[in-house]
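Following: one structure in structure tokens, then a few remarks.
The values are calculated or read from the model by the stated rules, or taken from the named source; none is laboratory data. Since the structure is predicted, the reported quantities are computational estimates derived from the model, not experimental observations. Don't worry about glycine lacking a Cβ; one is built from the backbone with ideal geometry, like all the others, and counts go over all protein chains shown.
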Amino acid sequence: MVRHARSRLATFLVTVDFFSCGEFYASETYTIDASNWYRAELAALECSGASIYDDPRIPDLSRRARARATDCA
């Protein structure tokens, strides 16, 4: 029998910054449960697609995600 190791999930606060033509214009913070900061940032970037700041009329839209853990290991 093969047992799969389960990754312990941690809670991260991920801030997604929105930019237009390289200029910051908004940010949102998401609470994400993930196995590591990288996966938390990816999940938050995916969530940010439903943000009011994700508007196709915004020129050269880009985002940056920054995660920080809220759990102590």
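Listed by first and then second residue, the pairs linking a residue in the range 44-66 that is within 17 Å of ALA34 (Cβ to Cβ) to a residue that is surrounded by 12 or more Cβ atoms within 10 Å (Cβ to Cβ) and acidic (Asp, Glu), with Cβ atoms under 6 Å apart and 6 or more places separating them unless they lie on different chains, are ALA65/GLU41. Assess whether TYR30 counts as being in contact (Cβ under 8 Å) with a residue 12 or more places away in the chain, of a type in the set (Phe, Trp, Tyr), outside any loop (DSSP other than H, G, I, E, B) and surrounded by fewer than 16 Cβ atoms within 10 Å (Cβ to Cβ). Answer is no for this residue. For the range 37-73, the set of residues classified as more than 14 Å from PHE12 (Cβ to Cβ), more than 10 Å from the chain's Cα centre (by Cα) and surrounded by fewer than 14 Cβ atoms within 10 Å (Cβ to Cβ) consists of GLY49, ALA50, ILE52, ASP55, PRO56, ARG57, PRO59, ASP60, SER62, listed by residue number. When ARG6 is evaluated against the numbered criteria (1) charged (D, E, K, R); (2) in a loop (DSSP other than H, G, I, E, B); (3) at pLDDT 95 or above, which criterion, by number, is the only one it fails? Failing condition for ARG6: (3).
Among the residues of the range 11-26, the ones that are of a type outside the set (A, V, I, L, M) and under 11 Å from the mean Cα position of the chain (by Cα) come to 3 in all. Looking only at residues of the range 10-27 that are loosely packed, with under 12 Cβ neighbours inside 10 Å and either among the hydrophobic types (A, V, I, L, M, F, W, C) or touching a residue at least 12 places away in the same chain (Cβ under 8 Å) (or both), we find that the one that is farthest from ARG64 (Cα to Cα) is CYS21.
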